[in-house]
Structure formats: structure tokens, C-alpha cells
Amino acid sequence: MSPVGFFVLAALAVASALGVVLNRNPVHGACALVAHLFLLAVFFVGLDAQLVGVLQVIVYAGAVVVLFLFVIMLLNLQADQRSMVSPPLVFAAAACVGALAVLISGGLREPEAAAGTALPQGYGETEELARLLFTRYALPFELTSLLLLVAIVGAVVLARKRG
Amino acid sequence: MELAIVAVKAVFILLLVLQVMGLGVFFERKVSALIQDRIGANRASILGFAGLGMINTLVADPVKFLLKEDVVPAGADRVLHFLAPCLAVIPLLVTFAVVPFGDVLVLGERVINLQAAALNAGLLYILAMASLGVYGVIIAGWASNNRWSLLGGVRGSAQMISYEIAMGLALVGTVLTWQTLDLQAIARAQGELLWGWLPAWGILYQPLGFVIFAVAGIAESKRIPFDLPESESELVSGYFTEYSGSKHLMFMMADFVEVVLVAVLVTTLFFGGWQLPWLARDGFHFPWGGSLLLPSVVVALLQVTSFAVKLIFFTWLQIVVRWTLPRFRYDQLMKLGWKGLLPLALVNVVLTALAILLWGEHVA
Amino acid sequence: MGLSALLFAIGVFGVLVRRNVIVIFMAIEIMLNAVNLAFVAIARHRGSMDGQVIVFFVMTVAAAEAAVGLAIIIAMFRNRETTNADELSSLRW
């Protein structure tokens, strides 16, 4: 990815994330979340993970946030008046979170020597991911389907009206 | 230079879609008139000249929309009200980037693949953009500050996400058959001949998949018989009641562009896309031995024409379906989506997998 | 990588600071996505597809969790008519 493109996209992603977190109106926040997820999908495609990027749009931006919007509309949430905790707590939270960010980015630094490895053929394509999913990670795959079944049943039971 | 070629291809497919959309409006008016045993809208006149009949109307209609006052209801969210039509139209238009409208065009030494963006996960990209189309509906319903619009919007988006699932699963059978997600590869693979003379179009391999996909596609674009979110006799205009002027035009455009999209996908996946029977890259090769060699530009032109003809046929078919069938009730609609199409699509996947296992040598 | 850490931090900030439970949920989604970004970046750095497989699973689990979480919120809202996290505190001492 070209550096200019990266910085522009990164700035937009951070802006939309801040938009989600700081917005008073939940519907605006959900729209900012869609923008954020779409920008991350663009990042994924730029990082040669095409299938994951497209799946991100289908699953996250296309289904999960629609679910959020449904719930917001069902509960008819309006813009909150007091949407955040008291200012001293906000300040403390920002300080702690800033420290957290510095710690994490320090720990995630990769050794520069591995930067030049060439990508194997077919990296990021559907076939490679499918091959891994059905051979090495077959057990987590099956367990995930069980998890989804439990989630579906749980969601239906929880949201059902009494009687 | 590469960028220029991609730009030309993108502009070409966009213009093709917009022209067919305009034709779609014309068909809508004329075909509906013929079905209902009347003449149709031919009263518009340009500077007193009414000779062209319905074509005058087609010019007058968009002009009328564009010149109308843009009314935003009181208490509505202005930003979202403005955003919703864009969110409805843009994902649908962007989908056409991965659609192949011809095989290759050989200009001198350059072999140009006639597809604006050759993604190797093209089919998934189309599903992704279709799932983004839900946002236009739901935000339009919410931003209108009108409880009937909200109702229409929520019903519409629930319908869209239900039928998205059936659409995706119907496509799984197609992917199993052609073993690729790239639309150009699928279109090319349909040029092979079964038993020496029958072009291997997708409908021969996936008849059930075609039916499921066509029904789910029509439901996704919220056309009759599935147009409860827009029900013209019940909810005024449903989720876009409060939109006037060019925003209304955007929603109408989204409707027709989706009709064209479903037609394009059905053509490419099940009816050979740009394939003309027995036409290969260098000319016709008939099964009875004769052959007719043609230059590459003529072949490309024939392929694009065949694509356009099939596209127009399926658009016309959807319009005929619209004016023939009555509307589904909402619970019937949901029942059809979840209890009818979804199990049927799963059965299709299982049957396709079994067929490939047993007769795998005959498949591309 | 720094971007992923920054996005994660923004998500944590959102969880700590907002009162509306649905916005807290959206902030959790931001955190999960930041982690996904880190995984994909590291996977590309090492040339191995395992990172993408993990991202696939994280996405699935997050979608399931969002569904169940929203169902819980709906059930709570039916009981108490509020989505303010300060008022949903009947389990506190």
C-alpha cells in the first residue's frame, strides 16, 4: 500500500471510530460504525487479504450493523442528553487508554528482518483459506458452527415475548 | 495506459447499465400498458411536438423529478435524509464493476479482458454490495420522522436480509459447479460443449439454483410480488414517502438498477453471459463441422451484443412478472423466504455436491 | 500496527466512557475489528495464512456475540425501560 493512501485511510478510520464513540445520537454512531468497518475492509484488501475483506463487508457491515440499527429503531433511542460519564472520569479514562495504546504498539513491533519475505503464490485467495479451514482448522470450524447454532437459539429465546 | 483502459471499461459498463435502466422505464410503461389493455403514457409533448409518444414521456419524467422542490420533513434528521438515497444507489452501481461483458478484445498486441475489475472473489463482492443496499432502506425509513415510513423501512430491510441468505445459498451451488468465484471464468467455462453440441450453460447444471436465485433476486429488489415495503396502495410510498425531487429519482433509479443487476447475474451465471452458442475467440465453430472465422473485434462486438440482448430479455421478464402477479402478504413473504427458499437452497447444495461426487468428470 | 493499537484504545475508551449500552456494544465491535486488523497485518508480514483463518473465526464469533448481546439488551429494555448502563445495576452490591 502506498504511504499516502495508508495515512489517508488510517486518518479516516480513526475519525470514524471516534465518531462512533463520541456521538450523541446512536443512529449516527451506527452509521459511523458502518463507515469504519468498510474502511477496515479496504485495509484488508490492501493487505492482500481479499477474501477476509469481502467477508468483513458481508458479515460485519452488512449484517451485524443492520442488527444494531434494528435494535436502535425497535427501542426508539433518541440522542442522549447525558451520554458520557462525569468529566473527571472521562479524563482518567483517556489517560489510561493513552498509556494502553503506547504499551500495545510497543509490544506489537515486528523485527525488521522479516520484512522482505515474498508472499507465497495464491496468498489471500479463497482457495488457500479454504484449504486451511478444512484441513488444519477443521475442528474449530465445526465448533464454530455449533457456537452459531447456540447463538441463534439463545437470541431467539431471549428476545421472545413472555406468554 | 492501464488506468485509461480500466476507466474506459468502467464507463462503458456504467453507460450500458444506465441505458438499459432507461429502456427498463420505457418497457415498464409500455409493457404494463399492453398487459392492462391500454396505450400508456403518450401525452407529453416537447414544444408542441407529440409525435414520439412515449419517448417524450421518458424525457419529461426525469426532468420533472429534477426540477421539483426538495422537501425535508420537519423534525427529520437532515444528514441522514440526505445520505439515504446515496446509500441506496451507490452499492448497486458499484456492483457492475465485476460483471464481464465480453471475452477478450485483441488490439494489436494488447489483450484486454472485457471486465472492469477482475477480482478473484467477484461473486462474494456482489453479495457484499447487495448487503450494503439494505442501509438505504433502513436509514430512509428512520430519517423521515414518519411512523409509516419507519414501518416500511423496517419491513423492507427485514425482507432484504432474509432473501439475501437464500440468494447466497443458491449461489453456493453455482460455485460448486464452476469451482471459481470469478464471473469471467464462469462465463468462459460456459462455452464448453456438452456431448459435442450443447453449450454448457449454467441452467443445465443448476435449474433449481436458477429458480431460487431468480425469486430471491426479485424479492431483494423489492419488486412485486414482493413489494410490501413500498406497497403503493397501503403505505403511500413506504420508506421513501417523504422524499421528493432528485432524491425520489435516486430511489427509483435504485429500483431499476437492481432489476438490471438481477438480470445481469442471471444471464452471467445461468445463461452463458456473453456467450453465443458455438462462438469461440476466433469465430464460429459449428458442431457439424463448418466454421466461420471472424476478426477479434467482430467477435467481441457479437459477444457484447449477445450480452445486451439477454440482459434486456431478463429485464423485460421481470417487468412482466411485476404486472402479472398480486402482492404477497408480509407473513407469506417471510414464510416463503425462511421456510421455503432457504431449505430448498440447502437441498440444492447437497444435491449439487452429490452430483459432482458421482459424475465429476463431466463438470468444468 | 500502531493504527491497530490506536483503534483498540479508542474502543476501550468508548466502553469505559459511554453510558448507553448499545454504544458500548459498538465500541466492543471496534475493539474486535482493531484486533482483526492486527492479525491480518502480522499474517501478511510473515507470509502465512494462519492469521487470516483466525480473523475468519473472530468475525464469526463476534457476529454470534453481537446477536446474543442485542437480544439480552432487548430483554432488559422490556423489563426496565432504560438503556442507561448506570441504571441497569441490580447485580451491584
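The values are calculated or read from the model by the stated rules, or taken from the named source; none is laboratory data. Predicted model only: the values in this text are computed from it and were never measured. In this analysis, Cβ positions are derived from the backbone assuming ideal geometry, glycine residues included, and neighbour counts consider all displayed protein chains.
Here are some notes:
- Looking only at residues in the stretch A:123-139 that are surrounded by fewer than 16 Cβ atoms within 10 Å (Cβ to Cβ) and part of a helix (DSSP H, G or I), the one that is farthest from the chain's Cα centre (by Cα) is A:Thr135.
- Which numbered condition B:Asn113 misses (of (1) buried (at least 20 other Cβ atoms within 10 Å of the Cβ); (2) away from chain A (no Cβ under 14 Å); (3) of a type outside the set (A, V, I, L, M)): (1)
- Which listed residue is within 9 Å of the chain's Cα centre (by Cα), surrounded by 21 or more Cβ atoms within 10 Å (Cβ to Cβ), facing another protein chain (nearest Cβ under 7 Å) and in a helix (DSSP H, G or I), from C:Ala9, C:Ala27: C:Ala27
- Scanning the stretch A:16-31 for residues that are of a type in the set (Gly, Ala, Ser) and either under 15 Å from A:Leu67 (Cα atoms) or part of a loop (DSSP other than H, G, I, E, B) (or both) turns up A:Gly29, A:Ala30.
- For the stretch B:293-304, filtered to residues that are surrounded by fewer than 21 Cβ atoms within 10 Å (Cβ to Cβ) and over 13 Å from B:Pro277 (Cα atoms), the residue that is farthest from the chain's Cα centre (by Cα) is B:Leu293.
- Scope the stretch A:36-79; condition without any contact (Cβ under 8 Å) to a residue 40 or more places away in the chain and not in a helix (DSSP H, G or I); matching residues: A:Asn76
- Residue selected from the stretch C:60-77 under the condition touching a Phe, Trp or Tyr at 6+ places or on another chain (Cβ under 8 Å) and at the interface with chain A (Cβ under 7 Å from one of its Cβ atoms), by the criterion modelled with the lowest pLDDT: C:Ile73
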